[in-house]
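Heads up, the thing below is written out as structure tokens.
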Amino acid sequence: MPSVVFSMLRDLEVSAGMKVLEIGTGTGWNAALLAYRLGLENVTSIEVDAAVADTAREALRRFGLPVRVVTGDGLQGHRADAPYDRIIATCGLRGLPFAWVEQTRPGGLILAPWGTNYVHLDATVRLTVADDGQSASGRFLHPVEFMKLRAQRLAWPEHSEYVPEGAITSAARSSTVISAKDFGVEQFDAAAFAVGLQVRDCVRAVAEKRHGSQPVWFYSSACRSWAAVTFCDHGRKATVYQSGHRSLWDEVEAAWHWWDLSGRPGFGRFGLTVTAEGQTAWLDAPDHPVPLVG
């Protein structure tokens with residue numbers, strides 16, 4: 001959407017003379033906007049799909065802004081033109097590569113949609129590279145949803161492989177007083193983002209609401225554990241089923257309660273730090289990491 005593109009370009013905070021690397025060329029429109037602002041020589045865009053890259057090059061040429069479009073894996077960045085003042089990703093990430101930190105000058109910014117496999121939801125995060133170049137850290141800004149980076153796309157769980165016919169009757173049964181509204185079943189809900197930060201290797205699927213009843217399913221990507229909660233419009237308690245080595249609902253519920261007790265923080269109170277050793281999500285400050293559940 002144009003509004004998302006313009007919002008991200010605003011948050012990128014570019015100015016004359018800056019060098020920018022774009023991860024994910026797509027149609028070339030975003031690269032053209034950057035080139036118009038900064039000059040052709042200052043913009044490099046990388047696209048993993050050769051056919052898409054060729055189409056973008058031709059479109060940019062016809063438009064009169066033949067940006068340098070590299071065909072390659074953006075996960076590795078593009079060292080040939082580094083260091084950059086800014087790196088911007090136009091695809092959703094589940095792990096931000098340290099190569100981007102290495103290729104950004106100290107004090108430079110990295111802007112990318114980032115999230116977990118718990119839901120499709122992403123949030124743009126703006127990281128500032130440290131003076132020593134050994135880390136990058138910053139806060140999340142806005143909820144968004146992007147096509148995921150090809151190398152990090154999750155193979156979606158097949159429901160029947162987890163929950164064969166008759167499995168519900170043998171599952172452990174309990175209940176919860178958390179409501180669907182509080183739990184966060186909407187597309188851009190901060191509760192779902194917070195739970196995903198805490199519960200690893202878990203995928204959530206919200207089923208269609210029918211006759212006042214809405215099932216929400218949880219699948220472990222590390223084993224065949226599963227859980228389901230059925231929220232109802234009437235009645236205080238929702239029914240819970242879970243089965244397998246992991247008690248997935250117990251993990252999800254604990255994560256939700258941490259978010260609730262933390263004051264139900266929105267996206268802007270969360271942040272991310274990336275080092276050569278990995279990435280850490282935090283609440284309010286880097287020295288307050290989000291706890292992992294399970």
Seminar exercise, completed: Wholly inside the stretch 92-204, strands (runs of 3 or more DSSP E) that include 1 or more residues that are over 22 Å from Leu283 (Cα atoms) are 104-114, 172-176
Exercise. Can you name the condition, by its number, that Leu197 falls short on among (1) more than 22 Å from Val144 (Cα to Cα); (2) within 23 Å of the chain's Cα centre (by Cα); (3) crowded, with 21+ Cβ neighbours inside 10 Å?
Worked result: (1)
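Here's a check for you: in the stretch 243-294, which residue that is touching a Cys at 6+ places or on another chain (Cβ under 9 Å) and outside any helix (DSSP H, G or I) is modelled with the lowest pLDDT?
So the first thing to find is which residues in the stretch 243-294 are touching a Cys at 6+ places or on another chain (Cβ under 9 Å), and the list is 244-246, 248, 251-252, 294.
Next, from what is left, pick out any that are outside any helix (DSSP H, G or I): 244-246, 294.
Working: Gly244: 95, His245: 95, Arg246: 96, Gly294: 73.
The qualifying residue modelled with the lowest pLDDT is Gly294.
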Problem set entry | Residue that is surrounded by the most Cβ atoms within 10 Å (Cβ to Cβ), among those in the stretch 240-264 that are more than 16 Å from Tyr118 (Cβ to Cβ) and hydrophobic (A, V, I, L, M, F, W, C) | Val240
Exercise. When you go through Leu292, Leu272 one by one, which is the residue that is under 18 Å from the mean Cα position of the chain (by Cα), in contact (Cβ under 8 Å) with a residue 24 or more places away in the chain and either over 28 Å from Pro113 (Cβ atoms) or not assigned by TED's automatic domain parsing to the domain that holds Val101 (or both)?
Worked result: Leu292
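Tell me whether the stretch 231-239 contains one or more residues that are in contact with a Cys (Cβ under 7 Å, 6 or more places away or on another chain) and either crowded, with 20+ Cβ neighbours inside 10 Å or over 30 Å from Leu109 (Cβ atoms) (or both).
Looking only at the stretch 231-239, we keep the residues that are in contact with a Cys (Cβ under 7 Å, 6 or more places away or on another chain), and these are 238.
Among the residues that remain, those that are also either crowded, with 20+ Cβ neighbours inside 10 Å or over 30 Å from Leu109 (Cβ atoms) (or both) are: 238.
Yes - at least one qualifying residue is present in the stretch 231-239.
If I go through the stretch 99-110 residue by residue, how many of them are buried (at least 21 other Cβ atoms within 10 Å of the Cβ) and either farther than 23 Å from Ser15 by Cβ or of a type outside the set (Ser, Thr, Tyr) (or both)? Can you show your working first?
Of the residues in the stretch 99-110, the ones buried (at least 21 other Cβ atoms within 10 Å of the Cβ) are 100-101, 103-104, 108-110.
Next, from what is left, pick out any that are either farther than 23 Å from Ser15 by Cβ or of a type outside the set (Ser, Thr, Tyr) (or both): 100-101, 103, 108-110.
Within the stretch 99-110, residues that are buried (at least 21 other Cβ atoms within 10 Å of the Cβ) and either farther than 23 Å from Ser15 by Cβ or of a type outside the set (Ser, Thr, Tyr) (or both) number 6.
Got at least one residue in the stretch 121-129 being more than 29 Å from Glu186 (Cβ to Cβ), crowded, with 19+ Cβ neighbours inside 10 Å and either within 10 Å of the chain's Cα centre (by Cα) or modelled with pLDDT of 95 or more (or both)? Write out each step before concluding.
Start the filter on the stretch 121-129 by keeping residues that are more than 29 Å from Glu186 (Cβ to Cβ), which leaves 128-129.
Now narrow it down to the ones that are crowded, with 19+ Cβ neighbours inside 10 Å: 129.
Okay, now just the ones that are also either within 10 Å of the chain's Cα centre (by Cα) or modelled with pLDDT of 95 or more (or both), so 129.
For the stretch 121-129, residues more than 29 Å from Glu186 (Cβ to Cβ), crowded, with 19+ Cβ neighbours inside 10 Å and either within 10 Å of the chain's Cα centre (by Cα) or modelled with pLDDT of 95 or more (or both): present.
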For this session: Return a yes/no flag: does the stretch 87-98 have any residue that is within 30 Å of Phe218 (Cα to Cα), surrounded by fewer than 16 Cβ atoms within 10 Å (Cβ to Cβ) and not basic (Lys, Arg).
Result: yes
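The values are calculated or read from the model by the stated rules, or taken from the named source; none is laboratory data. Predicted, not measured: the structure shown is a model, and the values here were computed from it. Here the Cβ is made from the backbone with ideal geometry for all residues, glycine too, and neighbour counts use every protein chain on show.
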